Amino acid sequence: MSFWSKVIAITRKDALSELRTKEIISAVLVFALLVILIFNFAFGARPEAVDLVASGMLWVTFAFAGVLSLNRAFIVEKEDNCLDGLLICPMSREVIYVGKVLASLLFMLIVEAIALPVFALLFNLPVLTAQLIGITVLVTIGFVAVGTLFSALAVNTKAREMVLPILFLPIVIPLIVAAVKASELALAGKSWGELYPWLPIIISFDVIFLVVAYLIFAFIVEE
Amino acid sequence: MENASYFLAAFAVAWAVTFGYVLVLINRQRHLRQEINRLKETIKEKGS
Amino acid sequence: MKRLILWGLGLVLMFLALYLVFLYAPIEKVMGIVQKNFYLMVPMGWLSLLSYFVIFIGSIFYLTKRDRKWDDLAYSAAEVGIIFTSLALMVGSIWARPIWGVWWAWEEPRLTTTLVLWFIYLACLLVRSLTVEEGRGATFAAVVGVIGFIDIPFVILSTSLWRGMHPPLIIFEEGGLDPRMRLTLMLSIVAYTVLYVVILMQRVAIRRDEAEVKKLKGLVSQES
């Protein structure tokens, strides 16, 4: 089997088990909607307030939802002792990383695809523009690149789900800053050119962390 | 010069923390050295 | 012995820097004497970056060579680094108060960057203590160290652009800095760097001794 067919096999395995249980997507989605609801009460839904905090709200929601969903990526495997089985398979560790990244990316994007329109509806915002969708996809890639690595690490520590946010959030702060700023501009109806310089930051973050996490992943799951 | 207090406070904090840390480190190493010597002697006594 | 000489050198340089700061460097006209906090903030900020570089080197070599001594270096740099980063935050706060009238200024990208770095240091230290097996904890800390180091340019870039400022390409603007100020600043940086190196060496030595004690204790309990 080639590298990519093995990767697809892992992604498919995760997608199938998710399709049966629906535990990650449904729980994360409910969580995301609840966060949006709470923000609504916390900041009030007056149009002036929404303009000010909308983009921040969106990214706090997605960052926390990301932590929740990425946490499950490896805990599920650990609970059923599947990780050991996965490690016995005759394939390089990197395959597991890429497969998991794709699966988590898929789950996150599904959650976001549902949460974004709800967000637009509740706050009366022009969310469904090419710019905002593009930003969301790019930033989610960055979240998943770092998150999958740390999720594999956190699952081997004492506190498990407590560890991921402590590691993940400080590292993705630049990404969140860029995402909030770029979405703010996108919500104000700015064109692609005006999103500069945030887009190059997001894209280079994605590329660099995908490569580094890919290279370093094997050290985490050895034995 | 009302600002002088902030200037002095910053240097006081920096020096206090730096040298506090250095003293803690030196003290810790002294204790460790003593313990190493003690353990080595214990091993020697048992061996002979 | 070598360390003793370095301790002496560090101490002399520290006092020399203190002398220059208090008596030699001129008082800035606009900000007044509090501008001299600058001679603390720049070295502290520099050390918190330098320490990350040391962690990065230690982590990379630990991951590839699997030699304990690199982990000792990375761990020590993280601990010494978080001390100096905490100091940078405290001194920065004491500087912000008279200049901007607040203890914390989000407008200042260097202060914000330092805060983010502080959290990454913390992650680096916490992940080790939260892992059961010691060797595994060292590997995890090394991974966080590498990722954290690569994250720094992004943190600096995003926090400075966040408030619409240009990224600080150089720590201090060359032009307009009084030569006496520049000399004082340079000497302060050198003094703190020497101090950092000795403290780091001391910390590594302590970690070695701790391992030695553990080994000897094992021997003693084995024989009895």
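Readers should treat all values here as calculations from the given coordinates under stated rules, not as data from a laboratory. Predicted, not measured: the structure shown is a model, and the values here were computed from it. So basically every Cβ, Gly included, is an ideal-geometry build from the backbone, and we count neighbours across all protein chains shown.
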Discussion item. Would you calculate the convex hull of the Cα atoms in chain B and tell me its volume per residue in Å³?
Written reply: 27
Practice prompt. Kindly express, to the nearest 10 degrees and within the range 0 to 90, the angle between helix B:4-47's C-alpha long axis and the longest C-alpha principal axis of chain B.
Written response: 0
Worksheet, complete the sentence: Per residue, the convex hull enclosing the Cα atoms of chain A spans a volume in Å³ of 120
Worksheet item: Remind me, relative contact order of chain C in percent, using alpha carbon pairs under 8 angstrom and six or more residues apart?
Response: 32
Worksheet item: In sequence order, what are the phi-derived ³J(HN,Hα) couplings for the range A:138-150 according to the Karplus relation 6.51 cos²θ - 1.76 cosθ + 1.60 with θ = phi - 60°, rounded to whole Hz, with x for glycine and proline?
Response: 4, 5, 4, 4, x, 3, 5, 4, 6, x, 5, 4, 6
Worksheet item: Any idea what % of Cα-Cα pairs in the range C:56-161 are farther than 20 Å?
Response: 44
Worksheet item: When Cβ neighbours within 10 Å are restricted to other protein chains, what is their mean count per residue of peptide A:154-167?
Response: 4
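What size of dipole, in debye to the nearest 20, comes out for chain B about its Cα centre when the only charges are +1 on Lys and Arg C-beta atoms and -1 on Asp and Glu C-beta atoms?
440
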Item to complete: Return the long-range amide H neighbours of residue A:125 (sequence gap of 5 or more, or a different chain), with a cut-off of under 5 Å between placed amide H atoms.
Response: none
Response to the item:
Partner shielding of C:9-22, as the mean number of partner chain Cβ atoms within 10 Å, equals 1
Practice prompt. Rounded to the nearest Å, what's the spacing between the alpha carbon centres of the range A:51-86 and the range C:195-224? Just the number, please.
Written response: 40
Practice prompt. At 20 °C and 1.002 mPa s, grab the translational diffusion coefficient of the range C:1-65 from Stokes-Einstein with a Kirkwood Rh over Cα pairs, rounded to a whole number in µm² per second.
Written response: 146
Worksheet, complete the sentence: For the range A:190-201, Karplus-derived ³J(HN,Hα) couplings (6.51, -1.76, 1.60; θ = phi - 60°; whole Hz; x for glycine and proline) come out as 6, 7, 4, x, 7, 7, 4, x, 6, 4, x, 5
Discussion item. Order these by the 10 Å Cβ neighbour count, fewest first: C:184, B:18.
Written reply: B:18, C:184
Worksheet item: Per residue of chain C, what 222 nm ellipticity follows from adding -39500 (n - 2.57) for every DSSP H run with n ≥ 4, rounded to the nearest 500?
Response: -28000 deg cm²/dmol
Fill in: Among A:198, A:96, A:143 the positive-end extreme of the charge dipole of chain A (Cβ point charges)
A:96
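Past the 22 Å Cα-Cα mark, which pairs from B:44/C:69; B:46/C:69; A:13/A:78? Don't jump to the answer; show the numbers that get you there.
Numbers: B:44/C:69 28 Å; B:46/C:69 31 Å; A:13/A:78 15 Å.
In this structure, B:44/C:69; B:46/C:69 lie more than 22 Å apart at Cα.
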Practice prompt. Starting at the first residue of the range C:88-100, write each ³J(HN,Hα) from the Karplus equation 6.51 cos²θ - 1.76 cosθ + 1.60 with θ = phi - 60°, in whole Hz, x for Gly and Pro.
Written response: 4, 5, 5, 5, x, 5, 5, 7, 5, 4, x, 6, 10
Worksheet item: If you line up the long axis of helix C:134-162 against the longest principal axis of chain C, both from Cα atoms, how many degrees apart are they, to the nearest 10?
Response: 20
Item to complete: With no solvent and one equal point scatterer placed on each C-alpha of chain C, evaluate the Debye formula and give log10 I(q)/I(0) for q = 0.13, 0.15 Å⁻¹, two decimals.
Response: -0.85, -1.06
Worksheet item: For the range A:35-81, with only Lys/Arg (+1) and Asp/Glu (-1) charged at the beta-carbon, what is the dipole magnitude about the Cα centre, in debye rounded to 20?
Response: 80
Worksheet item: Alpha carbon centre of chain B versus the range A:1-38: separation in Å?
Response: 51
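Subtract the Cα-Cα distance of residue A:27 and residue A:51 from 0.36 nm times their separation in residues, and report this length gain in nm to one decimal.
Additional length available on full extension: 5.8 nm.
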Worksheet item: For the range A:3-221, with the dipole built from +1 on Lys and Arg beta-carbon atoms and -1 on Asp and Glu ones, taken about the Cα centre, which of A:216, A:126, A:56 lies farthest toward the positive end?
Response: A:216
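Counting each pair of different Cα atoms once, what's the Kirkwood radius of the range A:55-166 in Å, rounded to one decimal?
Final number for the Kirkwood radius of the range A:55-166 is 15.1 Å.
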Worksheet item: Taking K and R as +1 and D and E as -1, what net charge do the other residues with C-beta under 13 Å from the C-beta of residue A:212 add up to?
Response: -3
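Sorted by packing (mean other beta-carbon atoms within 10 Å per residue), highest first, where do B:36-45, A:60-69 land?
A:60-69, B:36-45
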Worksheet item: Which one of A:20, A:72, A:93 has the biggest mean-square fluctuation once chain A is modelled by GNM with Cα springs under 10 Å?
Response: A:20
Discussion item. Angle check, please: helix C:179-223 long axis (alpha carbons) against the longest principal axis of chain C (alpha carbons), in degrees 0 to 90, nearest 10.
Written reply: 10
Response to the item:
With +1 at each Lys and Arg Cβ and -1 at each Asp and Glu Cβ, the charge dipole magnitude of the range C:1-115 around its Cα centre, to the nearest 20 debye, comes out at 300
Discussion item. I'd like to know which of B:7, C:192, B:36 lies farthest towards the positive end of the charge dipole of the protein assembly as shown, counting +1 on Cβ of Lys and Arg and -1 on Cβ of Asp and Glu.
Written reply: B:36
Worksheet item: Among the aspartates and glutamates, which fall within straight-line cross-link reach of residue A:158, defined as a Cα-Cα distance under 13 Å, with same-chain neighbours fewer than 8 residues apart omitted?
Response: C:133, C:134
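In cubic angstrom, how much convex hull volume per residue do the alpha carbon atoms of the protein assembly as shown span?
Working: hull volume 91.3 nm³, N = 495.
Taking the convex hull of the Cα positions in the protein assembly as shown, it is 184 Å³ per residue.
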Item to complete: Please work out the C-alpha center-to-center distance from the range A:187-223 to the range C:39-55 and express it in whole Å.
Response: 26
Discussion item. With every atom except the alpha carbons ignored, what do you get for Rg and Dmax of the range A:113-223, in angstroms?
Written reply: 16.1, 51
